[in-house]
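Starting off with a structure, shown below.
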Amino acid sequence: MAQSEKDSSLIEDCRAAKKSFLTSDALMKNLFDSAYGYAMFPNIGKGGIGVGGAAGNGIIYEKGKMIGRAQMTQVNVGFQFGGQAYREVIFFENAETLDKFKNNNIKFSAQASAVAVTAGAAANAKYAHGVMIFTQEKGGLMYEASVGGQKFKFTAF
C-alpha cells in the first residue's frame, strides 16, 4: 500500500497514541489484542462557545491490520466554553459492528459515553451496542467525556 506523507504521519501518530493508552492502562493490551477491530483517532480538537464542535482523523484496524482511514466530526449545543485536544479509540466487538462503521452507519447519540483512560479502567469496561470507547486528554486525563453527535466517514486504503 503506497502511503502519502499525510497518511504516514497519521499512522505514526496512531502508534504513539496506542502506546500512550497502554502506558496509562496496561490492561488495554487485552482489548487491542481481542477486539475484532478498532478505530484510533490520535488528535481530536474540540472547542466551542455555546455551539461546539470537534474533528479528527484516524486509522481503522481490522484483526490488527490497517484497512483504511476515517474522519470524525461532532457538533453539540449547550453550555460550553473553551477548547481541548484528546485521543479516542473505539473498539469493535465483531465484524457486524465494524461493517456498520465502514458503511458510515455508526453515529453516537447524546447518551453515548466514553471511559477516561486511567490505570485499571479497562478492567471493568464493557461493550455497548458492539462498541467500547476510550478517551485520553492530551497532557492529562478527561474525567468526563461526551461523544454524543459524533459521525464518521470511512475510506478504505
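The values are calculated or read from the model by the stated rules, or taken from the named source; none is laboratory data. Since the structure is predicted, the reported quantities are computational estimates derived from the model, not experimental observations. Please note: Cβ atoms are built from the backbone with ideal geometry, for glycine as well, and neighbour counts cover all protein chains shown. Protein only, heavy atoms only, side chains kept; ligands, DNA and RNA dropped before computing areas. Shrake-Rupley method; radii C 1.70, N 1.55, O 1.52, S 1.80 Å.
If you scan the stretch 1-49, which residues turn out to be among the aliphatic types (A, V, I, L, M) and either part of a helix (DSSP H, G or I) or within 16 Å of A119 (Cα to Cα) (or both)? Outline the logic, then answer.
Step one: filter the stretch 1-49 for residues among the aliphatic types (A, V, I, L, M), giving 1-2, 10-11, 16-17, 22, 26-28, 31, 35, 39-40, 44, 49.
Matches in the stretch 1-49: L10, I11, A16, A17, L22, A26, L27, M28, L31.
Right, something else. If a residue has to be open to solvent by 20 Å² or more (accessible area, probe 1.4 Å), of a type outside the set (A, V, I, L, M) and at pLDDT 80 or above to count, how many in the stretch 121-151 make the cut?
Qualifying residue count, the stretch 121-151: 7.
Tell me which residues, restricted to the stretch 25-47, are of a type in the set (D, E) and at pLDDT 95 or above.
Filtering the stretch 25-47 down to residues of a type in the set (D, E) leaves 25, 33.
The one that is of a type in the set (D, E) and at pLDDT 95 or above: D33.
Okay, next question. Which residues, taken from the stretch 7-19, are open to solvent by 10 Å² or more (accessible area, probe 1.4 Å) and either touching a Pro at 6+ places or on another chain (Cβ under 9 Å) or free of Cβ contacts under 8 Å to residues at least 40 places away in the same chain (or both)?
Correct list: S8, S9, L10, E12, D13, R15, A16, K18, K19.
Go through the stretch 60-89 and give me each residue that's closer than 22 Å to H129 by Cβ, at pLDDT 95 or above and hydrophobic (A, V, I, L, M, F, W, C).
Residues satisfying the conditions are I60, I67, A70, V89.
Only one of (1) modelled with pLDDT under 95; (2) surrounded by 17 or more Cβ atoms within 10 Å (Cβ to Cβ); (3) not hydroxyl-bearing (S, T, Y) fails for V51. Which number is that?
(2)
Could I ask something else about it? Which ones in the stretch 54-78 are among the polar types (S, T, N, Q) and either outside any strand (DSSP E or B) or open to solvent by less than 20 Å² (accessible area, probe 1.4 Å) (or both)? Reasoning before the result, please.
In the first step, residues of the stretch 54-78 are kept if they are among the polar types (S, T, N, Q); the result is 57, 71, 73-74, 76.
Result: Q74, single match.
If you scan the stretch 20-43, which residues turn out to be crowded, with 21+ Cβ neighbours inside 10 Å and either within 18 Å of E96 (Cα to Cα) or without any contact (Cβ under 8 Å) to a residue 60 or more places away in the chain (or both)?
Hits for the stretch 20-43 are A35, G37, Y38, A39, M40, F41, P42.
Looking at (1) surrounded by fewer than 20 Cβ atoms within 10 Å (Cβ to Cβ); (2) more than 22 Å from F157 (Cβ to Cβ), which is the only condition S4 fails?
Among (1) surrounded by fewer than 20 Cβ atoms within 10 Å (Cβ to Cβ); (2) more than 22 Å from F157 (Cβ to Cβ), the lone unmet condition for S4 is (2).
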